[in-house]
Amino acid sequence: MTAISPVQILAELEQAVAICPPERCARILSGIVRLLSASGDRPQELLVNVVDGILLRLTERVTPNTLFQLSITLSELTVAPKETLQRLALHEDPAVAGPVLRGSQALSPTDLEVVATFRGDPHLLAISARDRIEPALAGMVVKRGSSAVCLALIENPGARFSDAAYATLIERSEQDGEIAKALALRPDTPDMVVRKLLRPSPRQAPAAKTNESCVPPEQGTYSSPKPAPIASKRPCAADYERARPEIVALNRVGKLSDSTVNRFAMRGEIANLLMALSVLSGAPIEIIEHIMTDPDCEALVMACRASRLNWQTTLAILSNRSGGRLSFAERERAQKIFEALLLSTSQWTVRWGELAANADIGGPGHRSARTEVHR
């Protein structure tokens, strides 16, 4: 009996597929996929090479919904038919391409870079959701993608950026504040990149210089860029409505940290800053608004201490309030208050509603007496 070679078998299968009705093709494809999924890792590599050509031919004759199901299944395989996977990843329908672009570990970096080169935003968004994105691929996605794609990539903790990608994002942030905000809030963004994001735009007129000769430089912090002073005008209710979901979400995942609040202060994001202090300290937003504009900084220092913020963040908030720069004496006094306050005392005072009293009600003499008691 003459043995039939694998080549002959494949040729006969391809001929059969060519005349097979689409419904029958879908059933065959489904059977092959079940075989791939149940075969185990050891024989799988040999099997995928054998069936790859058949799957390719079947994908030409089945509906998009069947291709979508195939994409979902192949995205979960560590070893998958290479050419079929590439065809699905490059498919013009993003619904078909999405599952393998988001989840397949069998796609090589080159495969993904080809997709990023020839497809548009929907495909790039799918790539941006991968668990890990290497710097070369991230750079290509940043270069070709829209603002929405860049934001999705920045918000993905598995993305890694090269210096060139950071440079592109900084350039784009000059026209898109959301990119600047997202990149500044990303925990692993290098300090140098954050400083560039926070520097004044070269197109803006420089602010009038103040006399700083009597103010000693702050040790251990960089002096550039200049902080944007917090305006005396209070945000409206709509501003707080927009800010609250983001602030609550950051707090829930442990990212409402000193660096985040510091950046809110440096960038003059008033609604975000006040909402962050309210969420962290437990004080109502109305009280936070009040103490932010109080000429005496004591209550604001207490709110910062109750929020578990460090001294550098507290100083950034104090320094960016409207009403002029802190004098050296004012800064020394604020630091002494901060260091004298216990965390538990500050939190107790804030949560029992005495912060408003310390801020203004009852006059300066009453304020000092109450504060001395709680320290």
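The values are calculated or read from the model by the stated rules, or taken from the named source; none is laboratory data. Everything numeric here is computed off the predicted structure, so don't read it as measured data. Neighbour counts are summed over all protein chains in view; Cβ atoms, including those assigned to glycine, are modelled from backbone coordinates with ideal geometry. Areas reflect the complete protein model, heavy atoms only, side chains present, ligands, DNA and RNA absent. Shrake-Rupley method; radii C 1.70, N 1.55, O 1.52, S 1.80 Å.
If only residues of region 286-307 that are open to solvent by 30 Å² or more (accessible area, probe 1.4 Å), of a type outside the set (S, T, N, Q) and not in a loop (DSSP other than H, G, I, E, B) are counted, the one that is nearest to ARG186 (Cα to Cα) is ARG305. Taking the criterion of being free of Cβ contacts under 8 Å to residues at least 12 places away in the same chain and either of a type in the set (Val, Ile, Thr) or over 17 Å from ALA136 (Cα atoms) (or both), the residues of region 152-178 that qualify are GLU171, GLN175, GLY177. Quick one: is LEU47 at pLDDT below 85, over 17 Å from ALA89 (Cβ atoms) and surrounded by 16 or more Cβ atoms within 10 Å (Cβ to Cβ)? For LEU47, the condition - at pLDDT below 85, over 17 Å from ALA89 (Cβ atoms) and surrounded by 16 or more Cβ atoms within 10 Å (Cβ to Cβ) - is met. Exactly one residue out of ILE291, ILE337, ILE317 is modelled with pLDDT under 85 and out of contact with any Pro (no Cβ under 9 Å at 6 or more places or on another chain): that is ILE291. Of all residues in region 165-189, those satisfying the criterion of being in a helix (DSSP H, G or I), open to solvent by less than 10 Å² (accessible area, probe 1.4 Å) and of a type outside the set (Gly, Ala, Ser) are LEU169, ILE179, LEU183. Looking only at region 340-355, residues that are open to solvent by 50 Å² or more (accessible area, probe 1.4 Å) and modelled with pLDDT of 75 or more come to 1 in all.
Let's see how each residue does on (1) in contact with a Pro (Cβ under 9 Å, 6 or more places away or on another chain); (2) at positive phi; (3) open to solvent by 50 Å² or more (accessible area, probe 1.4 Å); (4) among the hydrophobic types (A, V, I, L, M, F, W, C):
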{"residue": "LEU77", "(1), (2), (3), (4)": "no, no, no, yes"}
{"residue": "PRO81", "(1), (2), (3), (4)": "no, no, no, no"}
{"residue": "GLN86", "(1), (2), (3), (4)": "no, no, yes, no"}
{"residue": "ALA97", "(1), (2), (3), (4)": "yes, no, no, yes"}
{"residue": "SER128", "(1), (2), (3), (4)": "no, no, no, no"}
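For region 171-188, a residue qualifies if it is modelled with pLDDT under 90 and basic (Lys, Arg), and the qualifying residues are LYS181, ARG186. Taken as a whole, the condition of being of a type outside the set (D, E, K, R) and either touching a His at 6+ places or on another chain (Cβ under 7 Å) or without any contact (Cβ under 8 Å) to a residue 40 or more places away in the chain (or both) does not apply to LEU309.
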